[in-house]
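Heads up: the structure comes next, in structure tokens.
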Amino acid sequence: MGLVLSACSTVDYYAHVAKGQGELVMNRRDVSAVLSDPATDAKTRQRLALSQDARRFASEHLGLPDNRSYTSYVKLDRPYVVWNVFATPRFSVAPVQHCFPFAGCVAYRGYFSKPKAQAEASRLEAKGDDVYVGGVSAYSTLGWFADPILSSMMRWDDDELAGTIFHELAHQLIYVKDDSAFNESFASFVQEQGLREWRQSRGLPPQDEHEKTMDDGFTWLVMDLRDRLKKLYASGVDEQAMASGKQRIIDDFRMRYAQWRDLDWPNDHRYDAWVNGPINNARLLPFGIYDRWTPVFLALFRHAEGQWPAFYASVRQFARQPYAERQKSLQQWLDSTSRPTVAP
């Protein structure tokens with residue numbers, strides 16, 4: 001019976017995803033048509049025009065795929081295009097994996113409906129898993145479809161809009177099945193470096209390093225929390241000790257965060273709500289996925305002397321390695337780079 005129920009659940013999920021993707025395809029309009037439509041408001045017109053400038057820059061200067069992705073527009077009836085459900089066992093920082101025919105195994109499951117995502121989260125919580133549901137404004141189909149600009153992307157500032165186009169096109173260029181951290185870290189680096197060059201090409205000053213430095217410092221604090229929990233879960237203590245230890249480590253993280261913020265970033269409380277909200281293993285997953293190897297890709301880019309073709313060639317060498325060998329190689333590169341200091 002369990003196998004039958006699992007199979008039915010899988011069929012229902014694929015039907016849901018097919019319906020959601022089909023609706024995007026059916027409702028997209030060429031950006032050129034939206035721009036020439038008198039009914040298009042000025043703000044949307046400006047955002048779409050900028051998106052097309054970024055789209056051309058991605059292909060002409062960053063070496064990203066030149067196709068019909070991000071040349072069409074879909075107006076959604078919801079704030080996010082999908083909601084991702086992340087889950088881990090109660091005493092593990094390893095994600096519950098979900099495997100798909102083309103994308104391979106990833107650390108989350110996406111739903112075009114928030115109620116469906118919440119229902120899946122409730123099902124996993126009932127099993128005892130830690131769960132986190134996060135809205136997503138854009139995603140890549142890895143070139144299987146011409147991905148559109150979405151109305152959920154319109155509320156971003158110029159940098160985030162352009163950067164997301166770079167990020168999602170990077171997935172189309174290089175993608176390794178069953179290695180979410182590699183894929184997301186690579187795309188995140190392309191986004192960051194692409195934005196630097198994009199701003200320079202438009203005569204804009206560099207981005208405010210204050211914000212990025214604080215983001216990086218907070219990310220490493222969270223990843224240090226994850227590492228401490230990982231050591232606890234591998235210690236072999238009984239379940240009661242594991243539960244109390246988990247809470248103690250999370251409480252300690254909150255205290256270390258407050259010390260770090262007050263010492264280095266007084267009066268900046270942008271992360272307070274995240275830190276003071278519920279924290280579990282699943283809520284830490286996006287940090288490990290999107291940021292784990294970005295220092296490695298920066299080092300590779302510098303090694304390639306800032307030349308995108310040479311950089312992509314070196315990334316493809318990593319991508320061709322077997323998973324275990326790739327992890328070892330990436331870790332060696334990471335160990336040779338400097339990390340922000342985290343208080344003991």
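Filter region 193-236 down to the residues that are of a type in the set (S, T, N, Q) and buried (at least 17 other Cβ atoms within 10 Å of the Cβ), then identify the one that is farthest from ASP157 (Cα to Cα).
That would be THR219.
Please list, ordered by first then second residue, the pairs with beta carbon atoms under 7 Å, 6 or more apart or interchain, first in region 220-242 and over 20 Å from ILE289 (Cβ atoms), second surrounded by 14 or more Cβ atoms within 10 Å (Cβ to Cβ) and of a type in the set (Val, Ile, Thr).
That search, which allows pairs on different chains as well, returns LEU232/ILE249.
Conditions (1) loosely packed, with under 12 Cβ neighbours inside 10 Å; (2) farther than 21 Å from ASP178 by Cα, marked per residue:
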| position | (1), (2) |
| --- | --- |
| VAL296 | no, no |
| PRO309 | yes, yes |
| VAL315 | no, no |
| ALA324 | yes, no |
| GLN327 | no, no |
| LEU330 | no, no |
| LEU334 | no, no |
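Scan ASN276, ASN281, ASN267 and give me the residue that is closer than 19 Å to ARG90 by Cα and either loosely packed, with under 12 Cβ neighbours inside 10 Å or under 24 Å from the mean Cα position of the chain (by Cα) (or both).
After applying the criteria, what remains is ASN281.
State whether the residues of region 105-119 include one that is of a type in the set (Lys, Arg), crowded, with 21+ Cβ neighbours inside 10 Å and touching a strand residue (DSSP E or B) at 6+ places or on another chain (Cβ under 6 Å).
yes
Give the number of residues within region 121-139 that are over 24 Å from SER92 (Cα atoms) and touching a residue at least 60 places away in the same chain (Cβ under 8 Å).
0
Here's a check for you: in region 145-185, which residue that is among the small types (Gly, Ala, Ser) and within 13 Å of the chain's Cα centre (by Cα) is surrounded by the fewest Cβ atoms within 10 Å (Cβ to Cβ)?
Per the criteria, the residue is ALA181.
Look through LYS231, LYS246 and report the one residue that is touching a Leu at 6+ places or on another chain (Cβ under 8 Å) and modelled with pLDDT of 95 or more.
LYS246
Residues that are in contact (Cβ under 8 Å) with a residue 24 or more places away in the chain: list the strands (runs of 3 or more DSSP E) wholly contained in region 27-111 that include at least 3 such residues. Explain how you work it out, then say what you get.
Numbers: elements: 72-74, 82-88, 98-100, 104-106, 109-111.
Those strands (runs of 3 or more DSSP E) span 72-74, 82-88, 104-106, 109-111.
ALA258: small (Gly, Ala, Ser) and touching a helix residue (DSSP H, G or I) at 6+ places or on another chain (Cβ under 9 Å), yes or no?
So ALA258 passes the test.
I need the full set of residues from region 237-284 which are acidic (Asp, Glu), within 27 Å of GLY134 (Cα to Cα) and assigned to a loop (DSSP other than H, G, I, E, B), in order please.
Kept after step one, since they are acidic (Asp, Glu), are these residues of region 237-284: 238-239, 251-252, 262, 264, 268, 272.
Restricting the remaining residues to those that are within 27 Å of GLY134 (Cα to Cα) gives 251-252, 268, 272.
Within region 237-284, just ASP268 meets the criteria.
Name the residue, out of TYR290, TYR257, that is among the hydroxyl-bearing types (Ser, Thr, Tyr), over 18 Å from the mean Cα position of the chain (by Cα) and either outside the structural domain of LEU64 (by TED's automatic domain parsing) or surrounded by 12 or more Cβ atoms within 10 Å (Cβ to Cβ) (or both).
On the way: TYR290 fails: over 18 Å from the mean Cα position of the chain (by Cα).
Just one listed residue meets the conditions, TYR257.
The values are calculated or read from the model by the stated rules, or taken from the named source; none is laboratory data. Every value quoted in this text rests on a predicted model; they were computed, and no experiment measured them. Note that we place each Cβ from the backbone using ideal geometry, even for glycine, and neighbour counts take in every protein chain shown.
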